[in-house]
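S.K.: Got a structure for you, written out below as structure tokens; questions coming shortly.
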Amino acid sequence: MGKLKDSFNDMPAAGEVRPGLKLEALKQDIAYNLFCLLGKSPAAASSKDFYTALAYLIRGQLESRWINTAGKYYQQKGIKVVCYLSAEFLIGPQLAKNLLYLDLYEPVRQALAGFGLSLEELLELEPEPGLGNGGLGRLAACYLDSLATLGFPAIGYGIRYEFGIFEQQIRDGWQIEATDKWLQSGCPWEFLKPDVAYDIKFGGHTETSYDESGRYRVLWVPAQVVKGIAADYPIAGYKINSANTLRLWKAEACESFDFQAFNMGDYYAAVDQKVVSENITKVLYPNDEPWVGKQLRLKQQYFFVSCSLQDMIKLHLARSESLEHFHECFAVQLNDTHPSIAIAELMRLFVDEHQLGWNEAWQITQNTFSYTNHTLLPEALEKWPLALLQELLPRHLEIIFELNQRFLDHVRLDHPEHEENLANLSLIDESGEKYVRMAHLASLGSHAINGVSELHSELLKRDVLKDFYALMPDKFSNKTNGVTPRRFIRLSNPKLAGLITERIGEDWLKDLSELSRLEDAVEDHGFREVWRAVKRDNKLRLATYIKRHTDILVDPDSLYDVQVKRIHEYKRQHLNLLHIITLYHIIRQNQNADIAPRTFIFAGKAAPSYFMAKLIIKLIHAVADMINRDIRVRERLQVVFIPNFNVKTSHWIYPAADLSEQISTAGKEASGTGNMKFSMNGALTIGTLDGANIEIHKAVGSEHFFLFGLNADQVYETKATGYDPRALYSSNDLLRESIDTIQTGALSHGDAEVFRPLVKSLLDRDEYLVLADYQSYIACQKDVSLVFRDSDNWSRKAILNTTRMGRFSSDRVVKEYCHDIWNVEPIRSESTLNVMDLVP
Ligand code: 26V
């Protein structure tokens, strides 16, 4: 026990290793944790045991900052806290990040070496909390990182899924899903808090009455009550003495609720009830499959939203603030529409449970919320059938009807010029089966609405929310996404980070615009050489990873042409494949064709029910097989698919890329964030004018970006004027040859059936204009090949990609949100708490 106490003494300020954490002490602390937590001696302990012992040690180091910060937010009046509501947080592995942020990376590496262990090997053992699908969840994690680093008080609120995104395995070229078991051996970064718990109601009916003072009251009598308990994760900022909280909710059976069945002796029904309750937070839904109104998904959304809002109200009242000041103390961001039922829930809590008047409650609600839209794809927009809402959340449906009534009355009365748009503005879609349009609810209930790139924000105003924009233009703004350079440069590409720091110091890690000071280095021949050596090293690392995971040996001197992201028809992995097949034919016809040797690297998951996406994965493998087996071609071209793309695997990939494929149909990708991660790591982009590509293109300069394809207006035009993909197929020989290779069965042992649905969809409809952009893409790729031949010139361009990425840090965008939308100020935590101070 004495030892534990020691660990808390003499807490260091950021950047210093406390005297007690000198090497010997660190080793002793690790051995002590092995013994105390796992009952093992160092000699008997496995690497996994060492990981756990070390993680608990570092968790201990985080705790004091965290308790200190939380204490400040929770107790001090007048501090406004950002609450980021998101159904997904893809935080990635935590150990390396926390070591870096606490400045303990080197000492720990040495301490482990003392046990004959490599830190890097331990880091590989850490399971990743895959609590998100992709871009949206990772963005939430980047924003938490920036909020903590910049000293803004913030809480991330979400769901503690027991099973995160599935693990992708590949069998015979097909994707197989395996369950993700990130919690199997517990999570050292988690603090389960059974005492932080709220009751969440579902179903039943409402009853109305008038109370003793004559007020109209509504009582919701639920059919089911579930308990939500908090699981907290400390979110350290980079070299700052404070830490924020990610609070995820776990569903449990509510024992206090009248277990009628149990009382009557029906033990099995009672157990059944427990299982049903706990199912709510069992598994993450793949959000990017065509939207279907799954009841459990609505339950998940309401569950985490209600827990979070009740938590805020409890904190607020504990600070002895009155509810009329709620919006001055909390800024609540809705990360897409997934948490948008929060609008109705806060109204219910205010009006039904805390007796506020409707108008006052509505004012506070609107001032509290803001909403970010992350997609324009019509099939992705959330709308819940009225029948489902009625069944699960009867009181919320009443509130939504009331809000809608008042809203439409207000438009009729005060904005008669918009009268003809009433049906389009309504919260209810009445065109067929009736639905609640969640984007409309979020827009009405928020004081600010934003898109995630300049183009996306414009299209939002022109398309999905055009009637809202016409009515309330001041609510709309753009907040172009950003990513954290701490994880996506410093942690994943330490050699590049070292090179940058050597030249301009380390301030860039907290202010990415500092990278522009590196521009002079582009003229330095020696710098370019070292730059190339770093890239070569990263490419070799990735080659080793690829060999280990796919058994394919790739050439680190070839051009690494990389497309990693979810598999989607709009992202057009199949356009990339058509180019590869075209090159194959060119080389087969002319062994001396002037084509730079390339390795095409793909990774990404397909939603389990998205047939076409799974077929694209199969096609990637089929093309890889054909090319990697052909001795006439494989010296020049190689194709690999890296399984199970996630935050961890991404760390091997981004730093090693030469070329970043950002080839979505213009107007379809809201922003993209992978595009930023590649460019920061010195990859050049081949891309369309879509999402944030447009801004990256502008920032790095058109001479350092490979642009091709139709722009969003041209895409619209092409479709409007009658698009005929078959005519393109007939008139373009190279294109026809590529498509024929797929459709004749040459890639599938003569079986023409396998890829027929894919070819048919391209030739009959081609929703995403793959064929329309084919020629332009091929020409652009030819240019890539030529430029890559001059490696010194390529490095100049690569360096400029990195130096010009300052704007794409999540720090920049978080400051914009804080200033323009949330109206919050940073607080600085000067000293670190000594836990012994808390002992009375
Ligand atoms: C859902 C669906 C459902 C139907 C099939 C197609 C599809 C495609 C995407 C989605 C997900 C929508 C929400 C989302 O994850 N958006 C992503 O958000 C990122 C962060 O802002 C952004 O960089 C990506 O461009 C955007 O797709």
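The values are calculated or read from the model by the stated rules, or taken from the named source; none is laboratory data. A quick note: this is a predicted structure, and the numbers were derived from the prediction, not measured. Note that each Cβ is placed from the backbone with ideal geometry, even for glycine, and that neighbours are counted across all protein chains shown. Areas reflect the complete protein model, heavy atoms only, side chains present, ligands, DNA and RNA absent. Shrake-Rupley method; radii C 1.70, N 1.55, O 1.52, S 1.80 Å.
S.K.: On the basis of being farther than 17 Å from residue 484 by Cβ, touching a Lys or Arg at 6+ places or on another chain (Cβ under 9 Å) and either surrounded by 24 or more Cβ atoms within 10 Å (Cβ to Cβ) or touching a residue at least 12 places away in the same chain (Cβ under 8 Å) (or both), does residue 200 make the cut?
M.R.: The answer is yes for residue 200.
S.K.: Across the range 458-493, which residue is farthest from the chain's Cα centre (by Cα) among those that are of a type in the set (Gly, Ala, Ser) and open to solvent by 10 Å² or more (accessible area, probe 1.4 Å)?
M.R.: 470
S.K.: Could you count how many residues in the range 69-88 are in contact with a Pro (Cβ under 8 Å, 6 or more places away or on another chain) and at pLDDT 95 or above?
M.R.: The total comes to 6.
S.K.: Cβ-Cβ distance below 7 Å, separation of 6 or more or different chains: which pairs start in the range 460-486 with a residue that is within 21 Å of residue 690 (Cβ to Cβ) and end on one that is within 16 Å of the ligand (Cβ to nearest atom) and among the charged types (D, E, K, R)?
M.R.: 478/454; 479/816; 480/454; 480/695; 482/812; 483/677
S.K.: May I ask you to list the residues in the range 314-347 that are assigned to a helix (DSSP H, G or I) and open to solvent by less than 10 Å² (accessible area, probe 1.4 Å)?
M.R.: Selection gives 316, 326, 329, 342, 343, 344, 345, 346, 347.
S.K.: Turning to a different aspect of this structure: I'm trying to understand the selection: among the residues of the range 804-819, which are assigned to a helix (DSSP H, G or I) and surrounded by 24 or more Cβ atoms within 10 Å (Cβ to Cβ)?
M.R.: Listed by number, the residues that qualify are 808, 810, 811, 814, 817.
S.K.: Is there any pair with a first residue in the range 586-610 that is under 12 Å from residue 634 (Cα atoms) and a second that is among the hydroxyl-bearing types (Ser, Thr, Tyr) and away from the ligand (no atom under 16 Å from the Cβ) whose Cβ atoms are under 9 Å apart and which are 6 or more apart or on different chains, and what are they?
M.R.: Once the first residue is under 12 Å from residue 634 (Cα atoms) and sits in the range 586-610, its partners that are among the hydroxyl-bearing types (Ser, Thr, Tyr) and away from the ligand (no atom under 16 Å from the Cβ) give 597/558; 598/558; 598/560; 598/785; 599/558; 599/560; 600/560.
Here is a yes/no grid of residues against (1) surrounded by 22 or more Cβ atoms within 10 Å (Cβ to Cβ); (2) under 24 Å from the mean Cα position of the chain (by Cα); (3) away from the ligand (no atom under 16 Å from the Cβ); (4) of a type in the set (Ser, Thr, Tyr):
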residue: 571; (1), (2), (3), (4): yes, yes, no, no
residue: 575; (1), (2), (3), (4): yes, no, yes, no
residue: 593; (1), (2), (3), (4): no, no, yes, no
residue: 614; (1), (2), (3), (4): no, yes, no, no
residue: 620; (1), (2), (3), (4): yes, no, yes, no
residue: 635; (1), (2), (3), (4): no, no, yes, no
residue: 649; (1), (2), (3), (4): no, yes, yes, yes
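S.K.: Another question, if that's okay. For the range 161-176, which positions are out of contact with any strand residue (DSSP E or B) (no Cβ under 7 Å at 6 or more places or on another chain) and surrounded by fewer than 16 Cβ atoms within 10 Å (Cβ to Cβ)?
M.R.: Matches in the range 161-176: 171, 172, 174.
S.K.: Quick check on the range 686-705: of everything there that is under 26 Å from the mean Cα position of the chain (by Cα) and surrounded by fewer than 24 Cβ atoms within 10 Å (Cβ to Cβ), which residue is farthest from residue 453 (Cα to Cα)?
M.R.: Filtering first and then ranking leaves 705.
S.K.: Follow-up. Which fully enclosed helices (runs of 4 or more DSSP H) of the range 668-724 have 3 or more residues being within 16 Å of the ligand (Cβ to nearest atom)?
M.R.: Passing ranges, in order: 674-680, 693-700.
S.K.: Suppose we filter the range 348-359 for residues that are open to solvent by less than 30 Å² (accessible area, probe 1.4 Å) and in a helix (DSSP H, G or I); how many remain?
M.R.: 5
S.K.: In the range 422-442, what residues are away from the ligand (no atom under 16 Å from the Cβ), of a type in the set (Gly, Ala, Ser) and under 13 Å from residue 403 (Cβ atoms)?
M.R.: Across the range 422-442, the qualifying residue is only 426.
S.K.: Which residue out of 671, 702 is hydroxyl-bearing (Ser, Thr, Tyr) and within 15 Å of residue 784 (Cβ to Cβ)?
M.R.: Just a single option satisfies the conditions, and that option is 702.
S.K.: Counting only residues that are among the β-branched types (Val, Ile, Thr) and open to solvent by less than 10 Å² (accessible area, probe 1.4 Å), which one in the range 577-591 is farthest from the ligand (Cβ to nearest atom)?
M.R.: My answer is 587.
S.K.: OK, next. How many residues does the range 497-539 contain that are closer than 18 Å to residue 683 by Cβ and open to solvent by 80 Å² or more (accessible area, probe 1.4 Å)?
M.R.: So the answer is 1.
S.K.: List pairs: first residue in the range 266-288 and within 11 Å of residue 163 (Cα to Cα) and at pLDDT 80 or above, second residue among the basic types (Lys, Arg) and open to solvent by less than 40 Å² (accessible area, probe 1.4 Å) anywhere in the structure, Cβ distance under 6 angstrom, at least six positions apart or on different chains.
M.R.: So the pair list comes out as 281/160; 285/297.
S.K.: Would you confirm whether or not the range 370-384 contains a residue that is open to solvent by less than 20 Å² (accessible area, probe 1.4 Å) and away from the ligand (no atom under 16 Å from the Cβ)?
M.R.: no
S.K.: Something else: So the check is Cβ under 9 Å with 6+ separation or different chains; which pairs have a first residue in the range 417-440 that's of a type in the set (Lys, Arg) and a second one that's assigned to a strand (DSSP E or B) and open to solvent by 50 Å² or more (accessible area, probe 1.4 Å)?
M.R.: 437/383
S.K.: Can I ask one more? Assess whether residue 212 counts as being over 25 Å from residue 274 (Cβ atoms), open to solvent by 20 Å² or more (accessible area, probe 1.4 Å) and not in a strand (DSSP E or B).
M.R.: yes
S.K.: While we're looking at this one, here's another question. List the residue pairs whose Cβ atoms are under 6 Å apart, where the first residue sits in the range 99-126 and is more than 21 Å from residue 234 (Cα to Cα), the second is among the β-branched types (Val, Ile, Thr), and the two are 6 or more positions apart or on different chains.
M.R.: What qualifies is 107/17.
S.K.: Additional query: From the list 722, 672, 709, which residue is at positive phi and either surrounded by fewer than 22 Cβ atoms within 10 Å (Cβ to Cβ) or free of Cβ contacts under 8 Å to residues at least 24 places away in the same chain (or both)?
M.R.: After applying the criteria, what remains is 722.
S.K.: Something else about it: If you take the residues of the range 179-197 that are open to solvent by 50 Å² or more (accessible area, probe 1.4 Å) and assigned to a strand (DSSP E or B), which of them is farthest from residue 350 (Cα to Cα)?
M.R.: 192
S.K.: Just to be sure, is residue 412 surrounded by fewer than 19 Cβ atoms within 10 Å (Cβ to Cβ) and either among the hydrophobic types (A, V, I, L, M, F, W, C) or away from the ligand (no atom under 16 Å from the Cβ) (or both)?
M.R.: Yes: the conditions hold for residue 412.
S.K.: Which residue, of 816, 830, is modelled with pLDDT under 95 and within 30 Å of residue 500 (Cβ to Cβ)?
M.R.: 830
S.K.: Continuing with the same structure: Among the residues of the range 113-121, is any open to solvent by less than 10 Å² (accessible area, probe 1.4 Å), more than 16 Å from the ligand (Cβ to nearest atom) and in contact with a helix residue (DSSP H, G or I) (Cβ under 9 Å, 6 or more places away or on another chain)?
M.R.: Taking every residue of the range 113-121 in turn, at least one turns out to be open to solvent by less than 10 Å² (accessible area, probe 1.4 Å), more than 16 Å from the ligand (Cβ to nearest atom) and in contact with a helix residue (DSSP H, G or I) (Cβ under 9 Å, 6 or more places away or on another chain).
S.K.: Quick check: anything in the range 486-495 within 15 Å of the ligand (Cβ to nearest atom) and β-branched (Val, Ile, Thr)?
M.R.: Checked the range 486-495: no residue is within 15 Å of the ligand (Cβ to nearest atom) and β-branched (Val, Ile, Thr).
S.K.: Of all residues in the range 127-156, which are among the acidic types (Asp, Glu) and crowded, with 22+ Cβ neighbours inside 10 Å?
M.R.: 145
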